[in-house]
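Report on one structure; see the data block that follows.
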Amino acid sequence: MNLDLTGKNAIVCGSSQGIGKAIALELAVLGANVTLFSRDKVKLMSVLNELDKTRSQNHDILIADFFNPEEVITAITGRIREGRTYHILVNNTGGPPPGAIIDADAEDFIRGFTAHLINNQQIVQQLVPGMKKEGYGRIINIISTSVKVPIPGLGVSNTIRGAVASWAKTLSNELAPYGITVNNILPGFTDTSRLDSLFEKKAKESGITKEEFSEKAKKEIPAGRLANPAETAYAAAFLASPSAGYITGVSLPVDGGKISSL
């Protein structure tokens, strides 16, 4: 199996922490040159210092606020003008705040679509010409199991994630003839700061401790535990590899079996 990413350039959005950071680290281990992309320069520099440089790799950072699409596109186009071609794109952005969909207002949806769908589209439009020229492209979207089963209390997020999945499936059909794949990863309950905050909120609403709520959640997972971010990163790294060239347009759950449908 060919998992070697030596000579490949990857950009990983939301890579200052959590799943994004884990993916960046794994791609670097496989030999890719990784551009970390987030709004927090301090955290990005910390991750940059952790990246594997044993193969004389060239890692760097980009900084932009994903709620400001002008900042995002300016950062990306600037890097393209410098002559950088990217073979791998990981779209990964923190989800919208929790809450019932009936309580969401128009601005909540606009912010969510901007941070996820609009930025994904803009970045892809800038990177795909280079992927076509290289004859190699891997676009991987980190979404959520809510694509298949909506998660209670995440009304706006459920809506946005579903839109991104449909966008990705459409895009996969358009780009397949060029050797570019487009796939989604659907993480289940993963041990990240976002999940910790969500569990804390849900625990207060239920009148129990966060620890009790966490144990209750684990019982709903056949694997009986939360995922480590690295486990999602392994899936992303495979989809980014040469060996995954005939896999496109899929939504892959990494959820310990929690989704009950096929």
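Under 5 Å between amide hydrogens, built in the peptide plane, is the criterion, and for Thr190 it picks out Ala227 among residues at least 5 positions away or on other chains. Using a Gaussian network model of the chain in which every pair of alpha carbons under 10 angstrom is joined by a spring, one finds that among Asp60, Asp103, Asp196 the greatest mean-square fluctuation is at Asp103. Taking the chain as a Gaussian network of alpha-carbon nodes connected by springs under 10 Å, the highest mean-square fluctuation of the residues Glu200, Glu212, Glu134 belongs to Glu212.
From the alpha carbon centroid of region 55-115 to that of region 208-253 is 22 Å.
Would you mind ranking Leu44, Leu89, Leu175 so that the residue whose beta carbon has the fewest other beta carbons within 10 Å leads the list? Could you put the intermediate results ahead of the total?
Working: Leu44 23, Leu89 29, Leu175 20.
If I rank by nearby Cβ atoms, fewest first, I get Leu175, Leu44, Leu89.
The mean sequence distance of close C-alpha pairs (under 8 Å, at least 6 residues apart), as a share of the length of the chain, puts its relative contact order at 21 percent. Applying the Karplus relation 6.51 cos²θ - 1.76 cosθ + 1.60 with θ = phi - 60° to region 115-129 yields 3J(HN,Hα) values of 5, 9, 5, 5, 5, 4, 4, 4, 5, 4, 4, 7, 8, 4, x Hz, where x marks Gly and Pro. Given R0 = 25 Å, the distance between the Cβ atoms of Thr77 and Val42 translates into a calculated FRET efficiency of 0.55.
Taking 7 Å steps out from each Cα toward its Cβ at Lys258 and Lys219 produces label points 1.6 nm apart. Angle, helix 155-175 long axis vs. longest principal axis of the chain, Cα atoms, 0 to 90°, nearest 10? It works out to around 30 degrees. Per-residue Karplus couplings for region 203-215, computed as 6.51 cos²θ - 1.76 cosθ + 1.60 with θ equal to phi - 60°, are listed in order as 5, 4, 5, 8, x, 10, 6, 4, 5, 5, 5, 4, 5 Hz, Gly and Pro entered as x. The peptide list 35-42, 250-257, 138-145, put in order of mean Cβ contacts within 10 Å with the highest first, becomes 138-145, 35-42, 250-257.
Taken together, the values in this text are just the output of simple stated rules run on the coordinates, not laboratory data. Not measured: the values here are computed from a predicted model. Positions of Cβ are generated from backbone atoms using ideal geometry, with glycine treated the same way; all protein chains shown enter the neighbour counts.
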